[in-house]
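Quick note: the coordinates plus some simple rules give every number you see, no bench work behind them. Remember, predicted model here, so these are calculated numbers, not experimental data. As a convention, Cβ positions derive from the backbone with ideal geometry for all residues, glycine included, and neighbour counts pool all protein chains shown.
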Amino acid sequence: TTDEMIASVDATLANWRSAFEPSSASPTKKAKGGMRTRTTRTKNTTDNDDGDGGGAATTPNTIVTDDDAQAPSSSSSLPPVWKDRDAYRRRLSTFRPDTYFAKPLALSPLVCAAYGWENTSKDILKCQHPNCGATICIAFHSSLNEEAHDKLCQQYLEMLVSSHTTGCPFRSFTSRWAKVMKRRASNEANSKCHELTVQEQSVIIAEEDNAEYLINKVSDGLRSSQLYVPPYFLSLSDEFLQFEDCSGDGSITRDRVKGRALQLRDKLKTRIGESSKLSDLVLPEAVTGYCQKVLPDVDVGKLLHQNDIVMKVPYFLATFGWDLGEEPVSEGAGVILKCGICQAKAWLASSSATNEETPRKKRRTNDPKDACLKLIDSHRVYCPYVSGFSYAPGQQSHLPGWKVILSNLLKGPVSISLRSNSK
């Protein structure tokens, strides 16, 4: 049944989340009191300094160390870094378009924040953990060709792990998953399999910690999973679960979208009265085109309750990753919406909004009301709804997240009832 499948998925993901939790059987490593914390800052240089744009590979160089940072004698009061959701959201909120711009998907703010880094100034990342304090600079020369760009990106990706000090808990956590993702990317490139086997991932982790209890936990979580989302994200936000569905018929996705839509309906009713008071939302042509490609003669209106005046807006928002924000707006002006993954904000005006209340046609400013909601384009460019996930430099998901969700909604016996000629 659907309930059994959902319970199975929840159990699998629970194993993922607990895969790196310390236990009584696990070996522990404590930072020594008074250990010096190394701070590293890098910049990229090329072997070809004459500016001819030949695309020579660049190499990050260490240029700064900070010998004054001291680690505290104990960090036992801190929650495990791999499941501290509040800290992850705080780190993610430090990334701004004007200080961390045009980076590869493999080095997106989502990845950097998950690996323990904050954006403190232009192109500068810093680990604020009391046992660390490391700093790195992520920058790419505009003359790099694709091969050199990917090579440098890989070096930076490795530095997201290695630049943490040995006493920083992020170093152990990120090194495990970096190895897992590197092997996965290699397998994908060779077209052998999309996911690693349980044995391969267990061996990788064993090489790092040689902890039998850890291998067993990961093996339980990996027994049959074909995950779209890199697993290290799953402990950091339930929003990532939106893309996972192991049912085979899309029933889990349909239940999730329906549940979120009902919640949004209730929130909107509390906030503004009824969702029908909001301005009309129009599906992008890319959405209708994709649905018709996957399922010819599909009735997209029936799929997303487009003809239901009360549920149309909630279903649209739930399908494309939007929720109500906390920012107050004047009565009758509409609502502020927010993506729970990329933290993008946009404004959905009320149907009675005047021209003066309508926001200017510009996006991603400090004021969310300067950004009219576009179901896909209002997400940040690195958001999984727009770009999917990166598994390695130059390698990313075959489909963006919004197509993954729509594909699942179109699966199974329900697809028959969605055809435009069905009764």
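Quick notes
- Loop sites in the stretch 98-148: chymotrypsin sites (Phe, Trp or Tyr not before Pro), DSSP, at most 15 other Cβ within 10 Å: Phe101
- Near Ala139, the amide H atoms lying under 5 Å from its own belong to Asn44; only residues 5 or more places off or on other chains count, and H is placed 1.01 Å from N.
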